[in-house]
Structure formats: structure tokens, C-alpha cells
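Novice: Here it is, the structure, as C-alpha cells.
The values are calculated or read from the model by the stated rules, or taken from the named source; none is laboratory data. Keep in mind it's a predicted model, so treat the numbers as computed, not measured. We place every Cβ from the backbone using ideal geometry, glycine too, and count neighbours over all the protein chains shown.
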């Protein structure tokens, strides 16, 4: 069924008349490669649509004409049955109304929830090939996973990852963002309290400041929707019991080693019949839906990376209390999760290290043109045994990675009572997460 031209014109009029909304600014970097579309990806409810609105507002603030910023929210019941021909006509109608834009200011087109338009890839590729237009696309559903948006454009798009709020963004949302240098004007106690709250509350925008019971129900609903729509419906999962068990196991044990054989043996002992290859596939599905992030062993050999356990983390620390049991026990896991996600936001490729002595360093981060960064995360170092364990792993790994920067990150904002070894730097988590 073709959408009536009146409906499409009304949609165009609404999009052009939309006033910029007050939104919490996201610290998301846009690639600077010319001639590429931006595929905005990330877990459901992380704020991708709001990020498109932020990009539109930023361009308007820099002086772009309002008619050059066309934001189309395609999840609209009036657009049910929208075809790629309809969408093409709407874009052409915009060009007919403003014929001078292509040759002057250019047009930025924001297509949110693009999966509602079958065959959209060809249209976007044609727009990119024609030139004179900047294009943003998002998608998230069983029909088009967020991660698949960029691959659908066959090399014509750059991925832009939007996670839930970082610690700094959560403070900004609450009106408590400190100055650029985290320590200036903000007492360490206030930052520590805010960080501990963030590690429990997490960064999903709708969960900010919510009552604990409401927040738990909200986040549990997010997880259910991701598992049901983006995994079970999308991939036709025939063993949802094993999938749910795996999902709970991963979210309840952040930073724990994930061995398919061990999970397979545990499930078999409980009478759940599932194949090892199926468990491998289920883990990949959960990663593709951005519900979990995995970290492999840092090794030159692909075989070594495959045979060694991966460490799994939720996409947001706020998901941990839903599945973990105990009070303080998950704080260290939540902090480790927050550090991993911050490294990803900053563009680091992350793995973990096992030293020749069998000790482990939480993260080994690589970024093109920079020395590796070895990061060890812990709650506190007042106990001498904890200090010795964490530092010896860093120093041993530092001998293998000769040019690496060695960093110890602790939740405790008090400097370690012990003397830092040469080559090892320390940072309180709150200030490091704020980018100081």
C-alpha cells in the first residue's frame, strides 16, 4: 500500500517545523572521513534517536538553515507500509521545495528506525553516490539489528557507537557536571558518592534518578525486549531456556571467564540439552544485540584467542544488580564494567592479559598510533595483599609490553599508602572516568 502524498507532505512539514529539544549533550565522536554515511549503533534505549536530534541541533547552532536539517522519525503509525519509493518521493519533494540547498549549504538527512523501509539500502547508497548530502541512519529491531545498519551500506558508512550515559554524561544529565578538569571545584567525596550511585543506577537515560524498584522493572524490561526481539525472534532460537540461562549467567558475573565447555557441562548436569556450537551462537547473538560485551585474551595467535576463555560484561553497570546476588560484592565488577565501556567510548580496542606467571591484567587497550594501555581495576589498595597482587600483575605484563602505559584504577579516591613502583601510574576511578 502506497502512503498518500498528503501524509508524506504532512510528515515533511512536521520534520521541518520541529524545534530543537533540550537534551543532555552526548560525548560521541563522529568520524571525519568525507563521503560516508553515519550508522548510529548501540543497544536499545541508549539514546540513539536523541543523539540524532543533538546532531541536528548542533548544526542549527552553527548556522545551518533549518530547512537543510531533515530529521525523519520513521516509527510513526501514519507511515505503516512506507515503501522505499515513498521515502524517495519525500526526499525529492524536499529538494523541490528548496532547490538551492544542494549547491549551497547542503542537506543533512537523519533517518531514524530505517528498518521500517524495505530496500532502504539502495536509496541511501544512491544519495551518497550523488553527493551533496550528509546522511545519518539508525535501526533497532528483529528485522534490522543495530550492528547491521553499517554493513548493509557496503562500505559507504562509518559506525558511530552510542552506549548508555557515561559517568560524565550522567552527571551532566543531573546538572552536576564538574569543570573540564575533574578535580577543580568538586570535592572528592562528592565525586565518589556520585560514582557509587552511578555504578548501581547505570547510564540508561530513562533510569536516571528513578526509584530503585521502578528502575529495576524498567531495566528488566529492556533486557526482556532485547532477548525476545533481537535474539529469539530475529534468529529463531529454539532453546530459549538455555539462552535465558546464558544471559542471566553473563549479566550476573561481569568480568568472569566465559568457557563454552564449562557452560555446556553445567547445563547438561541440570538436564538442559544444548550443543556447544549453539552456545557459541547464542553468545554471538547477545553481543550483536549489544546486551553484552566480550573481551578476548590479547595474543598474536588467533587460535590462542579462540581457545582461551573470554570475559563478558553487560553493556551498562546498572544491569548487574538485576542478576547479581549480594550487596557490596558486585561493586568491583560494576567498576570494571564502567572502565571497559569508557575505553570503548574513547576508541580503544580492548583485550585482557595473562602473564607468563599466570597473573591477569584486566584490560590491554590498543589505539592506532599510540602505546598500549594496561589497566588494572580494583576497589581499594589499603590491604597489602591486594596491592601486591594487582601491582605485580601490572609490572609483569609491563615487561612483555615494553612501551605500554601501566595504570592502576581504584574506586577509593585516597592515594595508595604504598609507594607506586616505577612506571606504574594510579588514578581514582571518578577522575579517570571524567577524562582527567
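Novice: Restricting to segment 280-296, give me the number of residues that are free of Cβ contacts under 8 Å to residues at least 40 places away in the same chain and either surrounded by 22 or more Cβ atoms within 10 Å (Cβ to Cβ) or not assigned by TED's automatic domain parsing to the domain that holds residue 227 (or both).
Specialist: 0
Novice: Then there is this: Quickly run through segment 57-73 and pick out the residues that are assigned to a helix (DSSP H, G or I) and closer than 18 Å to residue 98 by Cα.
Specialist: The answer is 59, 60, 66, 67, 68.
Novice: Moving on to the next point. Test of understanding: among 374, 394, 343, which residue is in contact (Cβ under 8 Å) with a residue 24 or more places away in the chain and touching a helix residue (DSSP H, G or I) at 6+ places or on another chain (Cβ under 6 Å)?
Specialist: 374
Novice: Can you spot a residue in segment 415-432 that is within 30 Å of residue 178 (Cα to Cα), under 31 Å from the mean Cα position of the chain (by Cα) and without any contact (Cβ under 8 Å) to a residue 12 or more places away in the chain?
Specialist: The answer is yes; a qualifying residue exists.
Novice: Okay, next question. With the structure loaded, tell me whether residue 265 is surrounded by fewer than 17 Cβ atoms within 10 Å (Cβ to Cβ), modelled with pLDDT under 95 and over 28 Å from residue 435 (Cα atoms) or whether it fails that test.
Specialist: Taking the combined requirement at face value, the residue satisfies it.
Novice: Also, I was wondering about something else. At pLDDT 90 or above, in a helix (DSSP H, G or I) and surrounded by 21 or more Cβ atoms within 10 Å (Cβ to Cβ): does that describe residue 394?
Specialist: yes
Novice: Next question, about the same structure. Given (1) part of a helix (DSSP H, G or I); (2) in contact with a strand residue (DSSP E or B) (Cβ under 7 Å, 6 or more places away or on another chain), identify the lone condition not met by residue 389.
Specialist: With respect to (1) part of a helix (DSSP H, G or I); (2) in contact with a strand residue (DSSP E or B) (Cβ under 7 Å, 6 or more places away or on another chain), residue 389 is out only on (2).
Novice: While we're here: Do any residues in segment 13-41 that are touching a residue at least 60 places away in the same chain (Cβ under 8 Å) have Cβ atoms under 8 Å from those of residues that are surrounded by fewer than 11 Cβ atoms within 10 Å (Cβ to Cβ), where the two are at least six apart or on different chains, and which pairs are they?
Specialist: Matching pairs, first to second residue: 35/131.
Novice: Quick one: in segment 52-79, of everything that is out of contact with any strand residue (DSSP E or B) (no Cβ under 6 Å at 6 or more places or on another chain), under 29 Å from residue 203 (Cα atoms) and touching a residue at least 60 places away in the same chain (Cβ under 8 Å), which residue is surrounded by the most Cβ atoms within 10 Å (Cβ to Cβ)?
Specialist: Once the filter is applied, the top-ranked residue is 55.
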